[in-house]
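Chemist: For reference, the structure I am asking about is given below.
Here, each number is a calculation from the coordinates, and none is a lab measurement. What you are looking at is a predicted structure, and each value in this text was computed from that prediction instead of being measured. Cβ atoms come from the backbone with ideal geometry, glycine included; neighbour counts cover every protein chain shown.
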Amino acid sequence: MGIQQRKEREKERRRQQILVAAKRVFLYKGFSRTTIEDIANEAELSAGTLYLYFKNKEELFASLSLRILQYLVIRLEEVKAVMENSSNDRLEILKSAMYDVYDFDTASIINMFHLQSSEALRNLSEQLLSEFHELVGKSMRVLTDIFRDGINAGYFINSAPESLANTYWCLFSGVVLWEASKEFMEERKIDIKEALNFAFDLFKRGVLNNPVR
């Protein structure tokens with residue numbers, strides 16, 4: 001391995017070290033109360049070193065979200081492919097995929113939902129903001145395609161697929177954020193999946209073209 005390759009590998013290792021530390025601190029203290037110094041201490045690095053990799057805590061926060069968004073796109077594309085050759089319950093397949101995304105990195109998906117609704121997006125670099133928007137847009141396009149295919153197959157009610165996709169996403173993000181906030185305020189463990197299951201079942205009753213399926 002050459003000197004340049006070793007430098008690149010060390011740079012990526014250090015970047016991942018910072019991200020792991022940031023994830024722990026954000027989870028414990030929340031975004032607003034977390035400082036770069038907090039993350040640097042957790043990573044056992046100087047604040048100056050962190051600024052070599054990320055210009056502010058918003059970029060750290062967003063970088064954690066990119067990984068979960070990439071996984072979301074992968075799972076939604078898998079759902080779309082499976083549905084084309086399956087007679088199984090499409091919404092159950094989709095629900096299972098959303099649970100996979102939630103389980104893949106629960107802390108990061110909660111952070112991502114907070115990021116989407118915060119002013120932190122204004123402080124991102126143009127490149128990072130572009131990546132974030134691209135992945136969010138792609139995930140919503142695939143989710144829209146899933147509902148469009150279901151409508152064309154006569155499985156879902158004849159409605160705007162974009163509206164169904166937006167409603168489904170709002171349902172998912174809203175329940176996760178609300179239940180996570182309750183867990184924090186009440187200082188007790190809450191079964192978020194139980195709440196999600198109830199919400200998804202209500203959605204299913206409203207969109208199925210033939211509810212007895």
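Chemist: Would you list Met83, Met185, Met98 from fewest to most Cβ contacts within 10 Å?
Modeler: Exposure proxy ranking, most exposed first: Met185, Met83, Met98.
Chemist: A further question on this structure: Taking only C-alpha pairs under 8 Å that are 6+ residues apart, what is the relative contact order of the chain in percent?
Modeler: 18 percent.
Chemist: Could you give me the ³J(HN,Hα) list for region 8-22, computed from phi with Karplus coefficients 6.51, -1.76, 1.60 and θ = phi - 60°, whole Hz, x at Gly and Pro?
Modeler: Calculated HN-Hα couplings, in order: 5, 5, 5, 4, 5, 4, 5, 4, 5, 4, 5, 5, 4, 5, 4 Hz.
Chemist: Taking amide H atoms as placed 1.01 Å from N in the peptide plane, list the residues 5 or more away in sequence, or in a different chain, whose amide H sits under 5 Å from that of Phe156.
Modeler: Residues meeting the criterion, in which the H sits 1.01 Å from N, are Ile151, Asn209.
Chemist: Identify, among Asn41, Gly30, Gly2, the residue whose Cα sits farthest towards the positive end of the charge dipole of region 1-54, taking +1 on the Cβ of Lys and Arg and -1 on the Cβ of Asp and Glu, with the dipole about the Cα centre.
Modeler: Ranked along the dipole, the leading option is Gly2.
Chemist: Based on DSSP loop calls and a cut-off of at most 15 other Cβ atoms within 10 Å, the longest stretch of the chain free of exposed GluC sites (Glu not before Pro) is what?
Modeler: 85-186
Chemist: Of all the Cα-Cα pairs you can form in region 1-54, what percent are over 13 Å apart?
Modeler: Cα-Cα pairs of region 1-54 separated by over 13 Å account for 58 percent.
Chemist: What spacing in nm lies between the two simple spin-label points modelled at Phe31 and Asn209, each 7 Å away from Cα in the Cβ direction?
Modeler: 4.0 nm
Chemist: Next question. When the chain is fully extended, how far beyond the present Cα-Cα distance does Phe104 get from Gln70, taking 0.36 nm per residue of separation?
Modeler: 11.1 nm
Chemist: Next up: In square nanometres and to one decimal, what's the mean projected area of the convex hull around the Cα atoms of region 127-213?
Modeler: Averaging across all directions leaves 7.1 nm² for the Cα convex hull.
Chemist: Can you give the Kirkwood hydrodynamic radius for the chain, in Å, rounded to one decimal and based on Cα pairs?
Modeler: Over the chain, the inverse of the mean reciprocal pair distance is 19.0 Å.
Chemist: Moving on to the next point. Excluding residues on the same chain fewer than 8 positions from Lys95, give the lysines whose Cα lies under 20 Å from its Cα.
Modeler: Lys80, Lys138, Lys193, Lys204
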